[in-house]
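Heads up, the thing below is written out as structure tokens.
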């Protein structure tokens with residue numbers, strides 16, 4: 001029985017419609033090929049129509065702004081059209097690299113991201129391994145439900161929670177300090193605490209969700225490997241060390257590489273909520289600085305230059321990490 | 001699991017306790033915030049509270065619920081979340097469905113166009129300038145239309161569509177159904193799980209977003225809940241009208257119980273939806289994780 005789709009497949013594989021079509025100067029054959037394409041498009045018109053909407057969306061909202069980064073090479077003055085602005089080449093880029101504040105923001109971004117990689121990367125892995133050792137499935141599920149919850153709460157709310165604990169005037173920690181005879185500490189405005197607050201509140205928010213992802217990887221390890229190990233007399237620690245860890249090593253490496261490629265992202269909502277002038281030396285990140293210079297001060301060309309720098313480096317990083325992952329995995333991530 | 005022996009040793013005790021502590025560390029901050037929101041201001045100032053309210057007062061909640069500003073912020077958040085999520089789902093599934101048809105000509109090139117947006121973007125300022133050109137600044141549309149189409153989610157949905165059995169589609173096509181009919185009458189009903197899961201992700205994302213509404217919405221009466229919440233938390237006075245001390249005032253000094261009450265009110269929608277999220281989310285994460 002011939003399915004319509006088989007017939008359709010036959011049609012589309014006709015030489016006239018494939019890219020290896022031989023173009024002939026004889027009008028008759030050429031016309032047939034062109035009208036075959038048009039016929040095809042007409043036949044599939046609904047599909048193309050459906051696709052056109054999201055396609056239009058990304059052309060407008062992704063590709064036009066991409067083109068818009070060109071203003072980083074122009075002296076764009078708000079109110080003017082792009083085409084009227086004068087070309088100043090890399091002048092904006094020279095300026096930003098000479099700017100103490102920009103370099104500071106870049107430095108802060110790298111430091112904060114590095115802290116995150118060092119401190120928050122292991123936590124979900126360890127949690128997943130520990131959860132994996134829990135016999136009781138209700139306890140396991142229960143703990144998971146609890147620790148995943150902060151992932152769904154907004155940074156503004158978490159900012160409020162942080163405030164309730166670390167507020168200079170009446171935060172819980174300061175209440176405890178006072179009762180122990182110490183002076184109050186204004187945690188949120190002290191430069192030496194700010195990055196730690198960022199990193200640890202980040203851990204608190206995300207370790208649960210991340211551990212569920214690792215747990216999925218751990219659970220997908222072949223049970224028969226464990227059974228074989230038990231027969232050979234391995235205890236649980238040995239099982240973990242010689243089976244679980246190597247099996248999930250690939251997953252861990254991939255996630256680590258991806259995290260590394262996102263090193264220029266230090267968290268926008270989180271930092272914006274907590275940032276204040278007293279800690280801007282240590283806390284201003286690339287994103288918040290771009291926002292400050294661009295949307296608060298209106299220096300569009302300059303901040304677009306910063307944004308373009310960030311996007312370009314990010315692009316390079318993700319291409320590189322994709323290449324690494326390809327080598328590990330045998331296939332690309334996307 | 002077959003790998004476990006039946007005996008429960010010292011490590012297990014440590015493990016259970018440790019994980020329990022993790023749970024406590026996660027939950028306690030919420031409990032503390034709730035406690036503070038339920039006490040009268042005077043009791044709070046005396047200090048010493050840390051586990052439960054010694055004296056319960058709904059004063060702070062009364063102020064929050066009576067405030068017009070909070071309601072308008074809630075409305076804004078709801079509008080943006082509902083409209084945004086709807087558009088997310090519609091456009092994402094449109095792209096995912098067509099792109100799952102590997103034999104459609106031009107799909108490869110168009111797919112590359114989508115994927116490129118994952119690697120590189122125009123950035124904050126050009127996007128803002130675009131919204132300005134479109135005269136969408138200070139409208140809900142600017143927020144709703146930011147991030148409607150995300151290639152990552154298109155890929156997730158596309159995988160799902162590709163794994164649906166082709167036989168139903170083919171049978172329908174033979175019976176003369178158009179592509180649109182196939183999409184609406186067959187594919188979509190079968191896609192309820194992935195639509196529900198992604199819909200929840202999108203909705204939570206919209207509800208919690210702070211930066212995008214903040215830069216696009218200038219009028220105070222359009223501000224979303226997160227924006228208002230941030231103002232209440234980090235400014236000393238705010239637009240909340242009402243009184244905590246029996247004295248009506250235009251912009252009262254915002255005090256801790258009031259702040260925490262607003263926080264709790266903001267958490268409630270998420271908390272209500274959380275059981276649903278749990279169910280669909282874990283499934284969604286597994287789909288995504290398996291991909292990785």
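Each value in this text was obtained by applying a stated rule to the coordinates, not by laboratory testing. These numbers come from a predicted model, not from an experiment. Here Cβ is always computed from backbone atoms with ideal geometry, including for glycine, and neighbour counts include all displayed protein chains.
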Counting only other chains, what is the mean number of Cβ atoms within 10 angstrom of the Cβ of each residue in peptide A:37-50? 4
Tell me, what is the percent relative contact order of chain B, built from C-alpha pairs under 8 Å that lie six or more residues apart? 29 percent
Mean per-residue count of partner chain Cβ within 10 Å for B:171-177 equals 2
With springs only between Cα atoms under 10 Å apart, run a GNM on chain A and tell me which of A:163, A:56, A:274 wobbles the most. A:56
Report, as an integer, the average count of C-beta atoms from other chains found within 10 Å of each Cβ along B:94-100. 5
For B:159, B:262, what ranking results if the residue with the fewest other Cβ atoms within 10 Å of its Cβ goes first? B:159, B:262
How high is the relative contact order of the range B:29-183, in percent, with contacts defined as C-alpha pairs under 8 Å that are six or more residues apart? 23 percent
A correct fewest-to-most ranking of A:223, A:173, B:149 by other Cβ atoms within 10 Å would be A:223, A:173, B:149
Choose one answer from B:98, B:70, B:78: the residue with the largest mean-square fluctuation in a GNM of chain B with alpha-carbon springs under 10 Å. B:98
So if I average 1/r over every pair of distinct C-alpha atoms in the range B:33-183 and take the inverse, what Kirkwood radius in Å does that give? 20.4 Å
Set the Förster distance to 35 Å, then compute FRET efficiency between residue A:237 and residue A:119 from the Cβ-Cβ distance, nearest 0.05. 0.90
So how long is each side of the range B:1-103 along the principal axes, counting just the alpha-carbon atoms, biggest first, in Å? 71, 60, 15
Could you tell me which of rounded, prolate or oblate describes the range B:76-154, using a ≥ b ≥ c as the square roots of the eigenvalues of the alpha-carbon gyration tensor, with rounded for a/c under 1.5 and, failing that, prolate when a/b is larger than b/c and oblate otherwise? oblate
When a footprinting reagent is the concern and you count Cβ atoms within 10 Å, what order do A:204, B:207, A:42 take, fewest first? A:42, A:204, B:207
For the residue pair residue B:272 and residue B:75, what label-to-label distance in nm results when each label sits 7 Å from Cα along the Cα-to-beta-carbon direction? 1.8 nm
Under a no-solvent Debye model with one identical scatterer per Cα of the protein assembly as shown, what's log10 I(q)/I(0) at q = 0.05, 0.06, 0.07 Å⁻¹? -0.28, -0.40, -0.54
How long is the range A:257-334 along each principal axis, judged by its Cα atoms, biggest number first, in Å? 47, 26, 17
Can you list the residues of the range B:29-44 with backbone N under 16 Å from a point 7 Å past the Cα of residue B:65, pointing along Cα to Cβ? B:37-39
Label-point separation (nm) for residue A:323 and residue A:219, each offset 7 Å from Cα along Cα-to-Cβ? 3.7 nm
C-alpha center-to-center spacing [the range A:284-326, the range B:138-165] in angstrom: 23 Å
What relative contact order, as a whole-number percentage, does the range A:176-333 give when Cα pairs under 8 Å and 6 or more residues apart are counted? 23 percent
Kirkwood radius from Cα pairs of the range A:178-334 plugged into Stokes-Einstein at 37 °C, 0.692 mPa s, gives D in µm²/s equal to 168 µm²/s
Using a Gaussian network for chain A with springs between C-alpha atoms less than 10 Å apart, which of these wobbles most: A:287, A:269, A:222? A:222
At a Förster distance of 25 Å, what's the computed FRET efficiency of residue A:41 paired with residue B:174, Cβ-Cβ distance as r, to 0.05? 0.70
